[in-house]
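Reviewing the structure listed below.
The values are calculated or read from the model by the stated rules, or taken from the named source; none is laboratory data. If you're wondering where the values come from, they're calculated on a predicted model, not measured in any experiment. Neighbour counts run over all protein chains shown; Cβ positions are idealised from the backbone, glycine included.
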Amino acid sequence: MTTLKRRSLLKAAGLAVGAVATSGLTAFASNPEKKEKKKLALSVAHITDVHIGEGENAPERFKKCLTHIIAKHKPDFFLNGGDSIGDASYDNVVYDQVIKQWSIWDDCIKTLDKYEIHSCIGNHDSWWKAPSKEHEMYGKNYVVKRLKIPNRYYSFSKKNWHFIVLDGNNDNISLDKEQYEWLEKELEQLPASTPTLLMSHYPILGTTQVLVGGGHSDCKKLKDLFHKHRDKVRVCLSGHNHLSDNTHYNDVLYCCNGAMSGFWWGKGDAESAGPGYYLETPPGYAMLSLYEDGTVENEYFPHTF
């Protein structure tokens, strides 16, 4: 298993990508009708790359932002795109650090005790330097337990929408054979025209990975599968790159929704366009409006907590 060091790679890249500056940016799938002519099925909050830890007063800032999301948007539930904790993947991370980070996550997420949270695994969530592969905290199985998800990849349905959560933490950022075959069957067995949202930690298609890397290496394979099921696949969500981008291709909306932590809860560096920004993208979260007719709107909201 190759450990993916995204922060180092992103900082080394030093490349810019267009993003929002001060207000929400909305992207649409297909060509939706006016809002008043459509019926909203679900309002979903997408948070990603929280990278929670002790420093920078991050726990209190994260809690305040979650409280703000609830008050402002009243979402039906939350999608969490991974890299929930600061980092467990680096070689020098020890047991106590992993335990501490997850305990902080647990405390923060109590803010959402009345909400469902459906999470995927990020590259920084797994502890690969556990004493042995048999250790209970080694690898992804422990992350599945801490995030309280049914498996490293899974699906669920809400209203008339179907949701598929993927695990791209495999060789060269891809779906392993078992998972890909499961995804094929999952899409095949869905009734025709079932609007479907997919979430991976890593971008599948879009601008950000062209600029800084970090995207699915099996993007063409997935693109072909989505085109085969173009009556179903509507939107693919991701994080990982800490950049905001919306790419519309073959009637699928691909949304890389920045990062809750922005510049890892820090002030930024010489390339930051503002306080806490990574390049031109401020820290933030996204809200998705999922309509009964299968159309979708994705809006990225910067935060200043």
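Remarks
- Selection status of E188, free of Cβ contacts under 8 Å to residues at least 40 places away in the same chain and among the acidic types (D, E): no
- Qualifying residues in the range 81-109 (those that are over 27 Å from Y154 (Cα atoms) and crowded, with 18+ Cβ neighbours inside 10 Å) - the one modelled with the lowest pLDDT: V93
- Only one of the numbered conditions (1) over 26 Å from V50 (Cα atoms); (2) without any contact (Cβ under 8 Å) to a residue 24 or more places away in the chain; (3) of a type in the set (A, V, I, L, M, F, W, C) is violated by F226, and that is (2).
- Cβ pairs under 6 Å, 6+ apart, first in the range 199-218 and closer than 23 Å to F163 by Cβ, second at pLDDT below 95 and part of a loop (DSSP other than H, G, I, E, B): T208/V17
- Here Y90 meets each of (1) in a loop (DSSP other than H, G, I, E, B); (2) among the aromatic types (F, W, Y); (3) within 29 Å of V235 (Cα to Cα) with one exception, condition (3).
- Complete set of residues in the range 144-168 that are in contact with a Lys or Arg (Cβ under 8 Å, 6 or more places away or on another chain) and either surrounded by fewer than 16 Cβ atoms within 10 Å (Cβ to Cβ) or touching a residue at least 24 places away in the same chain (Cβ under 8 Å) (or both): R152, H162, D167
- Evaluation of Y277 against (1) under 20 Å from the mean Cα position of the chain (by Cα); (2) within 25 Å of H162 (Cα to Cα) (one fails), failing number: (2)
- Scan the range 171-183 for residues that are touching a residue at least 60 places away in the same chain (Cβ under 8 Å) and surrounded by 13 or more Cβ atoms within 10 Å (Cβ to Cβ) and the total you get is 1.
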